[in-house]
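The values are calculated or read from the model by the stated rules, or taken from the named source; none is laboratory data. Values in this document were obtained by computation on a predicted structure and should not be read as measured data. Note that we place each Cβ from the backbone using ideal geometry, even for glycine, and neighbour counts take in every protein chain shown. The area values use the complete protein model at the heavy-atom level, side chains included, leaving out ligands, DNA and RNA. Shrake-Rupley method; radii C 1.70, N 1.55, O 1.52, S 1.80 Å.
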Amino acid sequence: MFTVINTNGYKINQLADLLPYIDSISLSRHHYSDMKNQTIFKLDKVPLEEEIANFPDKSKLHISCNLMKDYIGTMEEVINFLEWASSINCKDIGFVSLMPTNEYCKEQFVDFNDLNFENMQDIFITKNWNYENLCKCRNYIYITKKR
C-alpha cells in the first residue's frame, strides 16, 4: 500500500504528525511567489514559502504546479519555479497542463509538450511512460544553476 495526501497546503504543519503513517504529501503550489499563489487559489490560507521551507520531512513532499499562461507558462518561468523549489530544498516537483474543462482553464491552458523540456541543458529525462492517448508522463532531473 502507498498512502498519499493531496492538499492545497492549508494547515500543512499539522500533517507533520502523520508523516510516520504516510508515504507522500502532494502539495498544489502554482507559483513561486506567495502573493501570486494566493491569487490563483483565491485564498490567503495556503502555505507560505517559509512554511514549506520549514516542513520537517521534505523527502515526503511532492509539489505539483499547474501550468498557466499568466503564471508558470514559459520555460523561463518553469526554471524560476525549479530554482525557487531548490532554494527551499524541495526536490520532487511536477508540472501539469490544465484540463480544458471550463473557460478559465481553456484561456490559461499551456500544453506541456510545447515547453520542450528535452532541449533544456540542465534537465534530463529519467523515466518516460504513456497511458494510451490519455496521459504522457516523464520524470526529469534538474541541475540547479545556483549550485
Restricting to DSSP loop positions (anything but H, G, I, E, B) with no more than 15 other Cβ atoms inside 10 Å of their own Cβ, which GluC sites (Glu not before Pro) remain in the range 99-147? GLU132
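Dividing the convex hull volume of the Cα atoms of the chain by its residue count, what figure in Å³ per residue is obtained? Kindly include the intermediate steps, with their values, before the conclusion.
Numbers: hull volume 19.3 nm³, N = 147.
So the per-residue Cα hull volume is 131 Å³.
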Given bins 10 angstrom wide, list per bin the percent of all Cα-Cα distances in the range 28-83, short to long. 23, 54, 23, 0
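Multiplying the sequence separation of LEU18 and THR3 by 0.36 nm and subtracting their Cα-Cα distance, what value in nm do you get?
Working: separation 15, 0.36 × 15 = 5.40 nm, distance 1.08 nm.
Difference between extended and current length: 4.3 nm.
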Please give the solvent-accessible surface of MET68 in Å², to the nearest 10, using a probe radius of 1.4 Å with every protein chain present. 10
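Filter LYS11/LYS42; LYS36/LYS136; LYS36/LYS69; LYS36/LYS60 down to the pairs with a C-alpha to C-alpha distance above 20 Å, please. Write down the numbers at each step before the final one.
Details: LYS11/LYS42 16 Å; LYS36/LYS136 28 Å; LYS36/LYS69 13 Å; LYS36/LYS60 25 Å.
Going by Cα-Cα distance, LYS36/LYS136; LYS36/LYS60 fall outside the 20 Å limit.
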Could you list, bin by bin from short to long, the percent of Cα-Cα pairs of the range 63-147 in 10 Å steps? 16, 49, 29, 5, 0
Roughly what would the spin-label model give for LYS69 and MET99, points 7 Å off Cα along C-beta, in nm? 2.1
Over all directions, what mean area does the Cα convex hull of the range 4-55 project, stated in square nanometres? 3.4
Carbon/sulfur accessible area of the chain, % of total, 1.4 Å probe, equals 51
List, largest first, the extents of the alpha carbons of the range 100-147 along their principal axes, each in whole Å. 40, 27, 15
GNM flexibility winner over the chain from PRO47, PRO20, PRO100 (Cα, springs under 10 Å): PRO20
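As an exercise, use a Förster radius of 22 Å and the Cβ-Cβ distance of ASN116 and LYS145 to find the FRET efficiency, rounded to the nearest 0.05.
Numbers: r = 18 Å, r/R0 = 0.83.
Result of the calculation: an efficiency of 0.75.
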